[in-house]
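To start, the structure under review is shown below, and the notes come after it.
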Amino acid sequence: MHYIVITGGVISGLGKGTITSSLSHILSNSGHNVSAMKIDPYINYDAGTMNPYQHGEVFVLEDGGEVDLDLGNYERFLDRNLATDNNITTGKIYSEVIRREREGKYLGSTVQIIPHITNEIKRRIRTLAQSESAEILLIEVGGTVGDIESMPFLEALRELNREEPRSSVLFCHVTLIPEVGASREQKTKPTQHSVNELRGIGIQPDIIFCRLKGQLSDESRKKISLFTDVPEAGIIGVPDARSPYWVPEIMNKQGILQYIENYFGMKPSTFADPWKKYKENIDKVRESVRIAVVGKYTHLLDAYMSHKEAFTHVTGVTGIGVDLVWLDSDSLKESTNDLESVDGILIPGGFGYRGVEGKIIACRYAREHQVPFLGICLGFQAAVIEYARNVLGMKDANSTEFDQNTRYPVIDLLPEQEGVSDMGGTMRLGAKPVTVKENTIAHDIYATDHISERHRHRYEVNPGYIEKFEDSGMHFSGVDDANIRMEILELKGRKNFIATQYHSEFKSRPLFPSRVHKYLVEMALEYRRGRSNERSS
Ligand code: GLN
């Protein structure tokens, strides 16, 4: 078993997640069996109850785990599914230790951070590595070295290094190289300080990733090596890249693979880049479409990370560029002008009443103006509410999430949710089978009867209204395996309007983009061309 630990220094937000993902990508495409784990030192049990506005998107795994968005990056870069245990938090560690204390498992002893908490951390790490039979497990530690919260984790990792055979734990540290003044001189002092901080905890790094704007100079590399005792070959410059998908190549060119294999005493291998054509397509984009993303967290783009990535994946396989236009749904209550110049509309998932009316307006606009439309989760539910209100004449139709007393509860609580009061981990979560009906747009898109997609919701289309919708032109072309949950909707006679209760963005991968995102982009291109033909004739 080999472990690569990635810590961060100087400031937060340096792209440690991208570096971890890129490293895992290089190693797994060099023939190694790799897995990745994220440590989040916050007290929350998991990311499920966190506001995307503060923390970015809540990512959902196959097994229903609600986890940090970095796990999404790992899955995309590793091209494999991960599980809930690939994300540990202070909350998970402490609740386990306290549970065992109550059971009397530590009878007689004083339960302490060292060794009880640190042992539990190490146990989780080793169990994961074993259960996945990973040859190399990457462990990214959230936060910045020196944070009080991450101390027990760093201590546990120091102990791991001490207990495991020599040269089987490799420490990487990500730092910032500021470039100051007109001459843009590269400054190494923050890196020196940060490494000193790490050494104070008893960890000597083996690799330093230097984040900076341009190329790391030889002089900086030498200096950092001298002050930190890391060989020059282990000082890797990570300049700002056009997108995270370019980072593996940048790192690989500096010999990172050879350095790591040499450290672990492994046979040398070579990195086979599976994304050559994919990156070429992104580079060579000739035609682009404008897609509006109508949401309420549009000020923090990380809140829609997987959608953003899904569209990049679409560009990578189709060569069609996507310019995302982020629209705050509330603004549509004043005017829909912003929708006039877009070629497609995406309404992503969301919770709570604020912003919903704007989303319903966007659904109506897409339906009435024939604009290509994709609704996801709350976007799917908004399309149902809009249709009920404006086509079926159910004036105050709503979801009971937003109006308990609506006369037309077309979206209602899932029956199994009655009486559930805990907020954490209690939604309908994770991968579930969906049956795609024949002779539908959805069937054309998927070209199969059975798919499996990830979910995260508490509400659903109220079964009591389904017949009314079906009779009037809204067709549910995808259902769950028991045929009671509506999963996909489309409009009769309309090929560019589709919505899903599930979140296809979570399973989108660079070479296998979410099918419905790809379809939206293709429809948007057709729509755009149609409009420009109209204008020129
Ligand atoms: N709030 C809705 C529900 O709970 C939609 C959830 C979502 O968009 N993820 O069903």
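The values are calculated or read from the model by the stated rules, or taken from the named source; none is laboratory data. No experiment lies behind these values; they were computed from the predicted model shown. Virtual Cβ from ideal backbone geometry, glycine too; neighbours counted across all protein chains shown.
Would you confirm, using the coordinates I've provided, whether residue 451 is away from the ligand (no atom under 16 Å from the Cβ), in contact with a Pro (Cβ under 9 Å, 6 or more places away or on another chain) and either closer than 28 Å to residue 274 by Cβ or at pLDDT 95 or above (or both)? Judged against the criteria, residue 451 is a match. Can residue 154 be described as under 17 Å from residue 9 (Cα atoms) and either part of a helix (DSSP H, G or I) or hydrophobic (A, V, I, L, M, F, W, C) (or both)? Here the answer is yes, as residue 154 does meet what is asked.
Scanning the range 289-307 turns up no residue that is within 30 Å of residue 33 (Cα to Cα), out of contact with any Phe, Trp or Tyr (no Cβ under 9 Å at 6 or more places or on another chain) and among the hydrophobic types (A, V, I, L, M, F, W, C). Evaluating residue 381 against the criteria (1) outside any strand (DSSP E or B); (2) more than 15 Å from the ligand (Cβ to nearest atom) leaves one unmet condition, (2).
Answer yes if at least one residue in the range 313-335 is assigned to a helix (DSSP H, G or I), among the acidic types (Asp, Glu) and touching a residue at least 60 places away in the same chain (Cβ under 8 Å), and no otherwise. No, every residue in the range 313-335 fails to be assigned to a helix (DSSP H, G or I), among the acidic types (Asp, Glu) and touching a residue at least 60 places away in the same chain (Cβ under 8 Å). Set side by side, the residues 339, 327, 346 differ, and just one is of a type in the set (A, V, I, L, M, F, W, C), more than 19 Å from residue 388 (Cβ to Cβ) and within 16 Å of the ligand (Cβ to nearest atom), which is 346.
Being part of a strand (DSSP E or B), within 16 Å of the ligand (Cβ to nearest atom) and under 23 Å from the mean Cα position of the chain (by Cα) is a property that residue 293 has.
Let's see how each residue does on (1) within 30 Å of residue 248 (Cβ to Cβ); (2) buried (at least 20 other Cβ atoms within 10 Å of the Cβ); (3) among the small types (Gly, Ala, Ser):
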| position | (1), (2), (3) |
| --- | --- |
| 50 | yes, no, no |
| 54 | yes, no, no |
| 79 | yes, no, no |
| 85 | yes, no, no |
| 88 | yes, yes, no |
| 96 | no, no, no |
| 106 | no, no, no |
| 113 | no, no, no |
| 132 | yes, no, no |
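Looking only at residues of the range 384-413 that are in contact (Cβ under 8 Å) with a residue 60 or more places away in the chain and either in a loop (DSSP other than H, G, I, E, B) or away from the ligand (no atom under 12 Å from the Cβ) (or both), we find that the one that is surrounded by the most Cβ atoms within 10 Å (Cβ to Cβ) is 388.
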